[in-house]
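Beneath this line is the structure, given in structure tokens, with notes to follow.
The values are calculated or read from the model by the stated rules, or taken from the named source; none is laboratory data. As the structure is a prediction and not an experimental result, all values here were calculated from the model. All Cβ positions, glycine included, derive from the backbone under ideal geometry; neighbour counts span all protein chains shown.
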Amino acid sequence: MEIVMTEKGYVYKLMGNVYIKTDNYEIFSNLGTYYEDMGVSELSGNVIVRSKDYIIKSEYLKHIQKSDDIYLKGNVYLEDSIRIIKAMEISVKNNFSTAKGNVYIYLKDKRVLATGDSGNYDLNKKEGNIYKVKSIMIFRENDTIKISANEVYIYKENFKLKPLNSLKTSNEFAKGDSLTYQKDSLEKITIYNNAYIKWEDGEGEADTIVIFYKDSKIESAEFINNASVKTRSNDEEIIVNSKLVSAKFSEGKIKKVACRELIEGFTEKIK
């Protein structure tokens, strides 16, 4: 360790196998510098920060003691009980994280992975955004939903994507202007404006499509406003155009279609 007296106070320089322990965390790095007057710490080279709540890895870390701001650069990895974030740069202020460069965010509770150019996440609000999205994947027990969109908006209860360029599972393809995803006892996907979905034995479009999944398979769907649903039964194509179409599914195929204010086609009316 080298201690240097400057006009602004002492500067402590640590070199080689740096180890710092506090009541809240442990830090490891190759080099470290502490500016006493400013309350600023800089660490570089294989930086690791471990606490009971999180782990951080990077090539460079700057910590401002007064505001508790953290800036990380170079192959940054941050993991806590809720998320995993990877990026080239991450800054953290009051539990608000901003990430830049090859951003990777995995939300453990939602089992959602998104990658993009930049993003942010508020740990207190459980909300965030990802911009210039490269890929989105939702991991299910028996399947994976792969989504192409430009932006992701993450909320506490759900998340929203826009525009929805495509949604693909092993059995479905969908697209539209935007999408929201929510999961509790069932998975619920809502597609807004120019909404379209295709499944094993048919397809449908409407202003809004609401799809409910159970065990990775469609259980039911509602096609709202300007609805058109096509399916096949015994090699015969059935087409229903209506203001509202409700469809029940079994094993990924339509077993019942009902509608309100039938415009064209033949079906059972909803009571």
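For this structure, a couple of remarks:
- Looking across the stretch 190-212, the residues that are part of a strand (DSSP E or B) and in contact (Cβ under 8 Å) with a residue 40 or more places away in the chain come down to Trp199, Gly202, Gly204.
- Hits in the stretch 47-65 - residues which are farther than 18 Å from Asp80 by Cα and either among the basic types (Lys, Arg) or at pLDDT below 95 (or both): Lys62, His63, Ile64, Gln65
- Selection count where residues are within 16 Å of Asp69 (Cα to Cα), surrounded by 16 or more Cβ atoms within 10 Å (Cβ to Cβ) and hydrophobic (A, V, I, L, M, F, W, C), scope the stretch 28-39: 0
- Exactly one residue among Asp80, Asp68, Asp122, Asp37 is at positive phi, of a type outside the set (Lys, Arg) and at pLDDT below 90, and that residue is Asp68.
- Residue within the stretch 4-13 that is in contact with a Ser or Thr (Cβ under 7 Å, 6 or more places away or on another chain), of a type in the set (A, V, I, L, M) and assigned to a strand (DSSP E or B) present: yes
- Among the residues of the stretch 214-249, those identified as among the polar types (S, T, N, Q) and either more than 29 Å from the chain's Cα centre (by Cα) or more than 17 Å from Asn171 (Cβ to Cβ) (or both) are Asn225, Asn226, Ser228, Thr231, Ser233, Asn234, Asn241, Ser242, Ser246.
- Given (1) part of a loop (DSSP other than H, G, I, E, B); (2) in contact with a Ser or Thr (Cβ under 6 Å, 6 or more places away or on another chain); (3) more than 21 Å from Phe212 (Cα to Cα); (4) polar (S, T, N, Q), number of the condition Ser135 does not satisfy: (1)
- Scan of the stretch 76-88 for residues that are of a type in the set (Asp, Glu) and either under 15 Å from Leu43 (Cβ atoms) or touching a helix residue (DSSP H, G or I) at 6+ places or on another chain (Cβ under 8 Å) (or both), ordered by number: none
- Positions within the stretch 14-45 being among the hydroxyl-bearing types (Ser, Thr, Tyr) and in a strand (DSSP E or B), in sequence order: Tyr19, Tyr25, Ser29, Thr33, Tyr34, Tyr35, Ser41, Ser44
- Of the listed requirements (1) at pLDDT below 90; (2) farther than 16 Å from Ile138 by Cβ; (3) not hydrophobic (A, V, I, L, M, F, W, C), Asp184 misses just one: (2).
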